[in-house]
Amino acid sequence: MSISAAHEPATVVEPPLNDVLLLPLIQAALLEDLGRRGDVTSQATIPADKQATLTLTVRDDGVVCGLDLARLAFAQVDPDIEFKAHTQDGAAVSKGEVLATISGNARNLLTAERTALNFMTHLSGIATATRKVVDLVADYPAQITCTRKTIPGLRTVQKYAVRCGGGRNHRLGLDDAILIKDNHIAIAGNIAKALQQAQQLAGHLIPIEIEVDTLEQLQQAIEAGAELVLLDNMAPETLHKAVALCKNHPSGRIKTEASGGITPDSVVAVAQTGVDFIAMGYLTHSTTALDIGMDFTA
């Protein structure tokens with residue numbers, strides 16, 4: 001499935017992450033790669049004063065993400081390296097397109113190459129997968145969100161990649177929203193108790209969402225005052241009934257979010273139920289990296 005521009009602009013303009021957030025990731029990756037002796041291959045094969053130019057080229061259609069991480073990888077190895085981006089994060093790109101040109105000391109270019117590519121291929125893969133799913137459900141009101149199923153240490157940039165693909169973020173962490181799940185309910189005693197205790201703690205600035213997986217549980221949540229429900233692992237026919245129940249409730253429209261193993265193959269059927277949001281852990285834990293390479297030009 002190719003990237004479609006039928007419903008989305010060619011570029012999703014997402015404010016870039018500050019370098020302060022990215023530098024620890026770059027430094028940790030470079031330390032891991034450099035080990036105790038540095039890049040012995042480049043030291044052994046490339047003259048110390050050799051200059052070179054490399055191009056960062058995409059080898060398949062997709063959505064680019066991670067250019068600032070690539071820039072910082074080269075800058076951390078050698079501040080004199082010149083990194084010139086030819087596109088921006090969130091842009092739809094075509095096979096063979098040059099994303100950036102990088103010039104400087106050849107040894108240092110090769111030392112930073114893999115770190116730059118690792119971040120870019122991974123994050124561009126997430127952005128590309130997100131854009132494809134967003135395009136699939138563009139005719140429906142549902143918005144695509146990611147989850148906390150991220151690689152430890154990379155959540156900030158993985159969620160940024162989802163936004164570059166046109167998706168939205170669910171919780172960034174445990175501290176920015178209350179999401180009452182099945183184990184919380186079981187330990188609290190029941191849905192009403194869990195919601196009541198959450199409402200007492202939350203105040204007016206912390207949103208509360210509660211997970212249900214049956215229509216009976218949904219009714220209990222609504223009666224307890226739920227305003228946002230996570231409809232987990234429901235079959236499409238049950239999901240239709242759950243969404244209708246929330247939309248038509250006399251207390252006002254209750255927001256709905258579907259979750260539970262949703263993939264590109266099943267997302268349209270879920271969107272057709274009329275849910276407001278579709279949570280997809282797939283976007284950050286199961287997507288394929290976008291093929292991007294570094295090519296020597298001079």
- Efficiency of FRET from Cβ geometry, Leu23 and Ala224, R₀ 45 Å, rounded to 0.05: 0.50
- Taking the inverse of the average 1/r across all pairs of different Cα atoms in the stretch 52-159, what Kirkwood radius in Å do you get? 14.9 Å
- Query: Over the chain, what relative contact order in percent results from Cα pairs under 8 Å that are six or more residues apart?
  - Reply: 22 percent
- Item | Shape call, the stretch 109-182: gyration tensor on alpha carbons, a/c limit 1.5 | oblate
- For the stretch 49-64, in order, what is each residue's ³J(HN,Hα) by Karplus, 6.51 cos²θ - 1.76 cosθ + 1.60 with θ = phi - 60°, in whole Hz (x at glycine and Pro)? 9, 5, 9, 7, 10, 10, 10, 8, 10, 8, 10, 7, 5, x, 10, 7
- Approximate spin-label separation Asn169-Leu215, in nm, with each point projected 7 Å along Cα-to-Cβ: 3.7 nm
- Task: Just tell me which lysines come within less than 21 Å, Cα to Cα, of Lys95; anything on the same chain fewer than 8 places away is out.
- Result: Lys84, Lys132
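I want the local charge near Thr111. Using Cβ-Cβ distances under 10 Å, sum +1 for each Lys or Arg and -1 for each Asp or Glu among the other residues. Could the numbers behind the result be given before it?
Details: positive: Arg107, Arg114; negative: Asp33, Asp39, Asp78, Glu113.
Computed value for this residue: -2.
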- Item | Helical mean residue ellipticity (222 nm; -39500 (n - 2.57) per DSSP H run of 4+; nearest 500) of the chain | -12500 deg cm²/dmol
- Note on the structure: If every Lys and Arg gets +1 and every Asp and Glu gets -1 at its Cβ, then about the Cα centre the chain yields a dipole, in debye to the nearest 20, of 220 debye
- Query: Separation between the Gln43 and Thr297 pseudo-spin-labels, each 7 Å from Cα along Cα→Cβ, expressed in nm?
  - Reply: 3.1 nm
- With 0.36 nm assigned to each residue of separation and the Cα-Cα distance removed, Ala10 to Lys149 gains 47.3 nm
- Selected from Phe74, Leu56, Ala91, residue furthest toward positive end of dipole (the chain; charges at beta carbon): Phe74
- For the stretch 13-57, list residues with backbone N below 20 Å from a point placed 7 Å from the Cα of Asp80 toward its Cβ? 38-40, 42-55
- Note on the structure: The set of residues whose placed amide H lies less than 5 Å from the amide H of Met280, leaving out same-chain residues fewer than 5 positions away, is Thr145, Cys146, Thr147
- Query: Relative contact order for the stretch 93-220: what is it in percent, counting Cα pairs under 8 Å that are at least 6 residues apart?
  - Reply: 19 percent
- Query: How much length, in nm to one decimal, is gained on full extension between Leu201 and Ala177, taken as 0.36 nm per residue of separation minus their Cα-Cα distance?
  - Reply: 7.5 nm
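Every number in this text was worked out from the coordinates using simple rules, so none of it is lab data. As the structure is a computational prediction, the values presented were derived from the model and not from experiment. All Cβ positions, even for glycine, are placed from backbone atoms using ideal geometry, and neighbour counts span all protein chains on display.
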